[in-house]
1. Please verify whether SER264 is part of a helix (DSSP H, G or I), within 25 Å of ASN105 (Cβ to Cβ), touching a strand residue (DSSP E or B) at 6+ places or on another chain (Cβ under 8 Å) and among the polar types (S, T, N, Q), treating the condition exactly as stated.
2. Answer yes if at least one residue in region 117-134 is under 19 Å from the mean Cα position of the chain (by Cα), assigned to a helix (DSSP H, G or I) and closer than 14 Å to THR59 by Cβ, and no otherwise.
3. Taking region 267-286, which residues are assigned to a loop (DSSP other than H, G, I, E, B) and among the acidic types (Asp, Glu)?
4. Name the residues in region 180-197 that are in a loop (DSSP other than H, G, I, E, B) and surrounded by 10 or more Cβ atoms within 10 Å (Cβ to Cβ), would you?
5. Among residues belonging to region 273-307 that are within 12 Å of GLU241 (Cβ to Cβ) and touching a Pro at 6+ places or on another chain (Cβ under 8 Å), point out the one that is surrounded by the fewest Cβ atoms within 10 Å (Cβ to Cβ).
6. Which residue pairs have Cβ atoms closer than 6 Å, lie 6 or more positions apart in sequence or on different chains, and pair a first residue in region 88-106 that is surrounded by fewer than 20 Cβ atoms within 10 Å (Cβ to Cβ) and part of a strand (DSSP E or B) with a second residue that is at pLDDT 95 or above and among the β-branched types (Val, Ile, Thr)?
7. Being surrounded by fewer than 20 Cβ atoms within 10 Å (Cβ to Cβ), at pLDDT 70 or above and in contact with a Lys or Arg (Cβ under 8 Å, 6 or more places away or on another chain) is the filter here; which residues of region 132-159 pass it?
Amino acid sequence: MSVDKKPTAEHFPSEVILKGKKMLYDKFYRTGYKVVLGLNDAKEFLKDVPDQSVMLVVTSPPYNVGKPYEERLEFRDYLRLQKEVIIECVRTLDPRGSICWEIGNYIEDKEVFPLDVFFYKMMTDIGLKLRNRIVWRVGHGLHANLRFSGRYETILWFTKSEDYVFNLDAVRVPQKYPGKRAYKGKDIGKPTGNPLGKNPSNIWDIVLRDWDLEVWDIPNVKASHCERTIHPCQYPIELVERLVLALTNENDTVLDPFDGVGSSVIAAILHNRNGIGVEKEKIYSDIAFQRIINAINGTLSRRPLGRPICEYPETKVAKIPAEWTNKNLESF
């Protein structure tokens, strides 16, 4: 299936979106519903999800930084509550399934606590195995004045066992030197790279350079991004699409316990997977509901997977102020 193919009724013969505080998952699985969207607390919601029914858990949880939708907790309490949710997620996970936890940094009294360090220990303590620590470099965010401005987040990809789904061919990127052939040795004259493309690196950039095609061109949702909603920490659909394509097969189920405005569920249904999402804030759940409907109908405004970053012509780029030129700086 093309990465940008719009879903049709053929792909979703019984798509139904449910909302409410009490979800009946036996009904969901028995009738073949493709999408479930719940308005509830994550831990309470997850209690009704059957064991080993999910192939991919993917989310970007609250960072405990005091956003409007989260109550700031003492750091240890925050980690404890996150672990309780993760334990429930692991219970729902298929033995061949994966968990991808997209996180940034926690700031307390001007000190930085890299959350991936704490989550790594938490997840390995409960038996998960780390497969990749993916660095997603973002181009926009708040500027700092007492440290360098933060411009990256991390995705921790864990599996439940040694036998896990990994569809590398679905996410290969162009070779750096396509068509290159060996010039000596036993393979002389043969292609030196996989004709389907190469394995992406574990650094996903927002800038796709002609000389560095291994990075994944995924801008964060800021400014004039076509997917932008009122959610302050929304992540792009295509960030999840890469994970859905690589770590699940068609008709598998993708779960997001902190679904926000629905990006994870949307990424799932765009590629003929089932989607389960829960969000405790009604304002975001309502937005997710409408975005999912639009995705099913093929009318959702979104950035297609793999589209290069727009490069503005020189006439559109701000000019360097005259007072910043070397000649004028000599007077300082």
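1. Numbers: part of a helix (DSSP H, G or I): yes; within 25 Å of ASN105 (Cβ to Cβ): yes; touching a strand residue (DSSP E or B) at 6+ places or on another chain (Cβ under 8 Å): yes; among the polar types (S, T, N, Q): yes.
Criteria met by SER264.
2. Looking for residues that are under 19 Å from the mean Cα position of the chain (by Cα), assigned to a helix (DSSP H, G or I) and closer than 14 Å to THR59 by Cβ, one finds at least one in region 117-134, hence yes.
3. So in region 267-286, the residues assigned to a loop (DSSP other than H, G, I, E, B) come out as 271-273, 280-281.
Across region 267-286, the qualifying residue is only GLU281.
4. First, the residues of region 180-197 that are in a loop (DSSP other than H, G, I, E, B): 180, 182-190, 192-197.
If the condition is that a residue be in a loop (DSSP other than H, G, I, E, B) and surrounded by 10 or more Cβ atoms within 10 Å (Cβ to Cβ), then LYS180, ALA182, ASP187, THR192, GLY193, ASN194, LEU196, GLY197 are the ones that fit.
5. Selected residue: ARG303.
6. ARG96/VAL165
7. If we filter region 132-159 for residues that are surrounded by fewer than 20 Cβ atoms within 10 Å (Cβ to Cβ), which is where we start, we get 132-133, 135, 137, 139-152.
Within this subset, residues satisfying the condition of being at pLDDT 70 or above are 132-133, 135, 137, 146, 148, 152.
Hits for region 132-159 are ARG137, LEU146, TYR152.
The values are calculated or read from the model by the stated rules, or taken from the named source; none is laboratory data. All values derive from a computational prediction rather than experimental measurement. Virtual Cβ from ideal backbone geometry, glycine too; neighbours counted across all protein chains shown.
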